[in-house]
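J.: This is the structure I want to talk about, given as structure tokens.
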Amino acid sequence: MTCKSTRFFLRPIDYYLLLRHSRCMDDGPLTNWIVQVRKGLLELCILNALLPGRQYGYDIVKQLREIDGLMIGGGTIYPILSRFRTQGLVEATIEESPEGPARKYYRLTTLGQKCLIDMNRAWDRIHSGVLKLRRDAT
Amino acid sequence: MIELTLGPQQRLESHFAELRRVLVDDGKAHPGDVERDIRDHIQTALADVAGPVDESRLDQVLRSLGAPAEWIDSPERP
């Protein structure tokens with residue numbers, strides 16, 4: 001049976017599932033690559049979101065959601081913030097809020113600011129290198 | 001402070017139980033810190049709801065946060 005005739009006789013969902021599990025739509029390596037890139041960039045973006053000053057976790061999530069494809073679940077940032085605290089890159093303070101219960105605000109420490117400068121430099125070098133490679137290839 | 005009826009309350013507690021389990025297993029973040037942040041996040045996201053929060057509204061917020069297992073570094077696939 002040819003692909004064309006299979007398509008004709010199968011329901012759309014069956015045809016989709018057939019394609020999804022066939023070699024031609026195997027997106028495993030791409031998905032894995034996106035996960036790895038996103039993981040590193042998310043840390044960089046959280047620190048950059050804190051650069052202007054202290055931020056509430058909810059507002060950091062809102063800002064990062066503006067970057068298409070960066071974050072799947074908003075909760076992802078909280079374990080990272082907790083780890084950054086342990087590493088001394090950010091500090092947290094609890095402040096009273098007129099809108100309800102006291103809120104926890106995050107800010108960069110001096111170590112966090114220095115680390116962010118280095119991370120941004122590293123990212124700029126990599127990014128411009130990739131762009132140059134792509135330009136040279138065309 | 002948001003009000004939850006029994007169903008959403010149980011749904012939320014089960015979410016936090018999952019969160020603690022995942023973070024304790026992972027061992028990289030402090031589960032108490034993260035739970036406090038997530039509770040604050042949910043509180044803020046639902047602050048405009050008048051009266052008890054229904055299950056679908058709570059689900060919407062939990063979906064936007066994602067499943068706790070998705071928050072941690074997963075082992076790289078071969």
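J.: Return the pairs, sorted by first residue and then second, in which the second residue is surrounded by 12 or more Cβ atoms within 10 Å (Cβ to Cβ), the first residue lies in the range A:113-138 and is aliphatic (A, V, I, L, M), the beta carbons are less than 6 Å apart, and the residues are 6+ apart or on different chains.
T.: From residues that are aliphatic (A, V, I, L, M), the pairs are A:116/A:47; A:119/A:44.
J.: Being facing another protein chain (nearest Cβ under 10 Å), of a type outside the set (Val, Ile, Thr), in a helix (DSSP H, G or I) and surrounded by fewer than 16 Cβ atoms within 10 Å (Cβ to Cβ), is that true of even one residue in the range A:49-59?
T.: yes
J.: Restricting the range B:23-35 to residues that are surrounded by fewer than 21 Cβ atoms within 10 Å (Cβ to Cβ) and facing another protein chain (nearest Cβ under 7 Å), which is farthest from residue A:55 (Cα to Cα)?
T.: Among those that are surrounded by fewer than 21 Cβ atoms within 10 Å (Cβ to Cβ) and facing another protein chain (nearest Cβ under 7 Å), it is B:28.
J.: Take the residues of the range A:101-138 that are among the basic types (Lys, Arg) and within 22 Å of residue A:40 (Cα to Cα): which is surrounded by the most Cβ atoms within 10 Å (Cβ to Cβ)?
T.: Among residues in the range A:101-138 that are among the basic types (Lys, Arg) and within 22 Å of residue A:40 (Cα to Cα), the one surrounded by the most Cβ atoms within 10 Å (Cβ to Cβ) is A:107.
J.: If you don't mind, there's one more thing I want to ask. If you scan the range A:43-63, which residues turn out to be over 12 Å from residue A:78 (Cβ atoms) and among the aliphatic types (A, V, I, L, M)?
T.: A:44, A:47, A:49, A:50, A:51
J.: Please go through the range A:75-100 and pick out each residue that is crowded, with 22+ Cβ neighbours inside 10 Å, at the interface with chain B (Cβ under 7 Å from one of its Cβ atoms) and outside any helix (DSSP H, G or I).
T.: none
J.: In the set B:40, B:26, which member is within 11 Å of residue A:79 (Cα to Cα), of a type in the set (Asp, Glu) and out of contact with any Gly (no Cβ under 6 Å at 6 or more places or on another chain)?
T.: Of B:40, B:26, the one residue that is within 11 Å of residue A:79 (Cα to Cα), of a type in the set (Asp, Glu) and out of contact with any Gly (no Cβ under 6 Å at 6 or more places or on another chain) is B:26.
J.: Restricting attention to the range B:63-78, does a residue exist that is among the basic types (Lys, Arg) and more than 9 Å from chain A (Cβ to nearest Cβ)?
T.: Looking for residues that are among the basic types (Lys, Arg) and more than 9 Å from chain A (Cβ to nearest Cβ), one finds none in the range B:63-78, hence no.
J.: Filter the range A:71-98 down to the residues that are touching a helix residue (DSSP H, G or I) at 6+ places or on another chain (Cβ under 8 Å) and at pLDDT below 90 and list them by number.
T.: If the condition is that a residue be touching a helix residue (DSSP H, G or I) at 6+ places or on another chain (Cβ under 8 Å) and at pLDDT below 90, then A:71, A:72 are the ones that fit.
J.: Please determine, by comparing only the residues of the range B:36-70 that are in a loop (DSSP other than H, G, I, E, B) and on the phi < 0 side of the Ramachandran plot, which one is surrounded by the most Cβ atoms within 10 Å (Cβ to Cβ).
T.: B:46
The values are calculated or read from the model by the stated rules, or taken from the named source; none is laboratory data. Remember, predicted model here, so these are calculated numbers, not experimental data. Note that we place each Cβ from the backbone using ideal geometry, even for glycine, and neighbour counts take in every protein chain shown.
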